[in-house]
Every structure is written in structure tokens, then in C-alpha cells.
1. Neighbour counts of other C-beta atoms within 10 Å: give me 183, 402 arranged from fewest to most.
2. Between (1) 20.6, 63; (2) 24.4, 78; (3) 19.6, 57, which matches Rg and Dmax of the Cα atoms in Å calculated for the structure shown?
3. Between segment 115-155 and segment 10-39, what's the alpha-carbon centroid distance in Å?
4. When the label point is put 7 Å from the Cα of residue 107 along its Cα-to-beta-carbon vector, which residues of segment 197-220 have a backbone N closer than 14 Å?
5. What is the Cα centroid distance between segment 375-390 and segment 177-246, reported in whole angstrom?
6. Just check segment 202-340 against the gyration tensor rule for me: Cα atoms, a ≥ b ≥ c as the square roots of the eigenvalues, rounded for a/c under 1.5, and otherwise prolate or oblate depending on whether a/b exceeds b/c.
7. To the nearest 500 deg cm²/dmol, what mean residue ellipticity at 222 nm is calculated for the chain from DSSP H runs of n ≥ 4 alone, each contributing -39,500 (n - 2.57), summed and divided by the residues?
8. For segment 272-404, what relative contact order do you get, as a whole percent, if you take Cα pairs closer than 8 Å and at least 6 residues apart?
């Protein structure tokens, strides 16, 4: 195998790589080295759709307990224990433990359960749009960042007065997950976020309500309740997973429509296109660009031997543009793509995103609100991509709505 200049220059665990043109590197890897050993990071990069699906469907061979996200690969590279961050939630579990936890928690995230809160979700987005400034505004600050956090904070049982504060924390949590956190971010999580959630957990244990924190305080796994640390850890994990993914998806809607005005015009002209447009954003944009696993023992993938203990980066962003699966139009953004929903934007297998139904509903509600109020959405200022090796979004995205 010959390593090309593009491959050798790629730093898959460095946020700056994703600020460039990662898709060009992934395209080259899919064609020449689909199971790629990244020497600097000491882990494998898997880029093909079918390989990632197969790995994700075999939790007995590819574990999540110690390595599940980019942060864990970075910690391993630096000689740190990925579990050194303390208790970790459902994302870092394998069967059968994972299945029992998912069964207990998943009832709050089924399509039916999400449908019951849709009216509240629509109220939240309507209030956000009612308060938008005139003219150009930052889509991230005013819509993409607060909306999913407010919805999830509502589900958790966070008082509405604290929602803006929690929105900022969600971004900090995501930075930690992507492996680009600074000491101040860890201080925020352990000095502010964790104590705040612990206080809410204690209050819900004393006075339960109809919210996620109360459910977490009352749930039993194999007859055993969660302790306070476990409840707080779950709340932290769910807050990050339930908000940051959707923030990136909503950012992607604006970016994709601006980059493809012909496709945006079709979506604005026919609201029925909305659901499929969301799926195509999840595919083409890929809000969460990767997850990770660790080989439980030696195993072959596409003729390459992965050794026991090796880490693997599952490059969802690459899989979602794999021409072997998507055909010759894989690189194109098409709101009418008939198989768009087969994307890996929410992962696959055991760890398929538990909040997928909620994220889809939130994205569609945002799109509905835009189409109802405006005839177009344009990026009109300088976009500032967020440095991240995990999520695909912006720190700033100035837009203007062309109102009806």
C-alpha cells in the first residue's frame, strides 16, 4: 500500500483537518486505502459504508466501553485512560448491559413519545422566531444553538430561566467529546455543570415530576437504581447528545440551502419535500462526523488485520458519500434522493442514536417555521466554522430571511 501526500498530511484527530476539505481525503481513502492506519494517531480510519455498518453490527468484536468517540482515541494516543473522566453513560456500554439500559431509557424517545411533545416543541421554535432581530442575524446564536437545548432542557426538567445557561454548557460538553477541550472547559463541566445537575437530581429524588431527571432517579436496571453520580452522568450525556447533534443538523440545513439554492427553492415551493430534505442534510452534511470502537480481539476487515485493543475511527462523513452505496451522484445534494434515509447520520446498530426521532422532528419543525415565514434563507455574512473533530457546525453563521 502506497501512502499518498494527501493521506500522510491528514490529521484525523485534529480539528483543523475538518476545517479544510476532509471529503477529498476520504474519497481518496475509499478508493485506495479504505481501512487506513493513521500512524500519528495510532488508530484505524474506516471509510466505507458497508464496513462501518458491519463493524457497528458486531459489538462482540468491536467494543464501545473504552473507546466510543474521538475523545477516547485522543486520550489513548496521549497515554491517558479514556475512562479517567469518571462514570460514563450509555454511549460507553456494550451488550447485554447496553440493551437493558437502552430499553429502560428509550421509552422517552420513541416516535410516539416525541409526538406527544410536538406542540410544546412548536411553541418553543415559534417564540424563538418571534424574537429574531430584523435583517441579518446569527443562525447559530439565535436558532441552531438554543432551540434543541431548550427542548431537551424542557425534557430533563431544567427551569426555563436556566435554559440559556445550559445552551452554553452543551457546546462545552461537545468540545470535550471531540477531543479539543481546554482545561477551562473541563473546569466548567466539573465546577459548574456537574454540581448544577447534581442539585437538580437531588431535588427530583425528593419531589419527582414528569421529566427525564425524575425518570432517571426512579429507573431500575436489573432491579438496581442509579446512584446520584450515574443519574448526573446520564443527564450530561443525554444533554450533549440530544442537543449538539441537532444543533449541527439545523446549522447544516441553512448551510446546505445556501450552497444549493436550486434545492432550497424546491423545498420552499413544496413543504412535503421537508422530511426528505432533512434526511439529505443528515447524509450530505453529516452533523456528527464519526464515532469510534476498539477491537475486542484480532479481526480482519477488508483483508486488513485489526489487532486486539486497536482503536477504530468510524468515519460516518465518508460513508455518507460512498459512491459504492450512493451511486455516481454521491457527492451531490439532492432533496429528492429516494434513499437518503439510509444515511449513517445517526449511527447504526447497537448505538443508533436514541434521540433520532426527536432530532428529526426538531429539524422538521425548524424547516416548517422558516418556510411558513419566509420565501428564502441566505447566508449573508462570513461563516465561521467550528473547530471540531466530532461535530460539523459553525461558531457563527450570519443569515438573512427573505420574508413573505
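Quick note: the coordinates plus some simple rules give every number you see, no bench work behind them. The structure displayed is predicted, hence computed values, not measured ones. FYI the Cβ positions are ideal-geometry reconstructions off the backbone, even for glycines, and counts take in every protein chain you see.
1. Placing the least packed residue first, the sequence is 183, 402.
2. (1)
3. First find each Cα centre; the distance between them is then 35 Å.
4. Residues 210-220 qualify, since their backbone N sits under 14 Å from the label point.
5. One Cα centre to the other: 30 Å.
6. Oblate shape, in that a/c is at least 1.5 and b/c is the bigger or equal ratio.
7. Details: 19 runs with 194 residues, N = 404.
Calculated at 222 nm, the ellipticity per residue is -14000 deg cm²/dmol.
8. Computed value for segment 272-404: 27 percent relative contact order.
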